[in-house]
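Reading through the structure tokens given below for one structure.
The values are calculated or read from the model by the stated rules, or taken from the named source; none is laboratory data. No experiment lies behind these values; they were computed from the predicted model shown. Every residue, glycine among them, receives a Cβ derived from its backbone with ideal geometry; neighbour counts consider all protein chains shown.
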Amino acid sequence: MQAVLHTVAIYVVLLAVFRLAGKRTIAEIDTFDMVILLIISESTQQALVGDDDSLTTAFTVIVTLVGCGVLLAFLKQRSPRLSALLDGLPVVILKDGELLKKRMDKLRVDEDDIIEAAHLQGVARMDQIRYAILERTGEISIIPKK
């Protein structure tokens, strides 16, 4: 039972930490972020199983983690509020070619991110963009002007 409680506690803490880190942080993982994730995973593993390296404990942790994921997905499906709290909402970061700097700064998005997304979606210049939207996934959607 202790492994289950530890697993649920770690799951909730990691969920909160990654939610606070922001959408763009998770969407654009680099070498530094990968190293951090590896260290977090090792620390998490130690907290979850400690000195108990039995198969039973490992299976208990795995089933609990998967169960937490399934339960959370179910709850988010039933509660738009919970879904918005955990996943956030899409945010307009550029409107009619004008950068919304306060929003961009809060979300840690810069002009280069928007330009890169625009190029990937076939738009060459900022003044050709009607809206740039930071999606819940951390990706930037571009809606070109007509």
- Message: Please pick out the residue among G67, G50 that is farther than 30 Å from A117 by Cα, outside the structural domain of I129 (by TED's automatic domain parsing), at pLDDT 85 or above and out of contact with any His (no Cβ under 6 Å at 6 or more places or on another chain).
- Response: G67
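Hey, can you tell me all the residues within region 89-141 that are β-branched (V, I, T) and within 30 Å of S79 (Cβ to Cβ)?
The first filter runs over region 89-141 and keeps only residues β-branched (V, I, T), leaving 91-93, 109, 114-115, 123, 129, 133, 137, 140.
Residues satisfying the conditions are V91, V92, I93, V109, I133, T137, I140.
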- Got a number for residues in region 81-135 being under 20 Å from the mean Cα position of the chain (by Cα) and of a type in the set (A, V, I, L, M, F, W, C)? 16
- Given the conditions (1) in a helix (DSSP H, G or I); (2) modelled with pLDDT of 75 or more; (3) surrounded by 13 or more Cβ atoms within 10 Å (Cβ to Cβ), every one holds for A16 apart from (3)
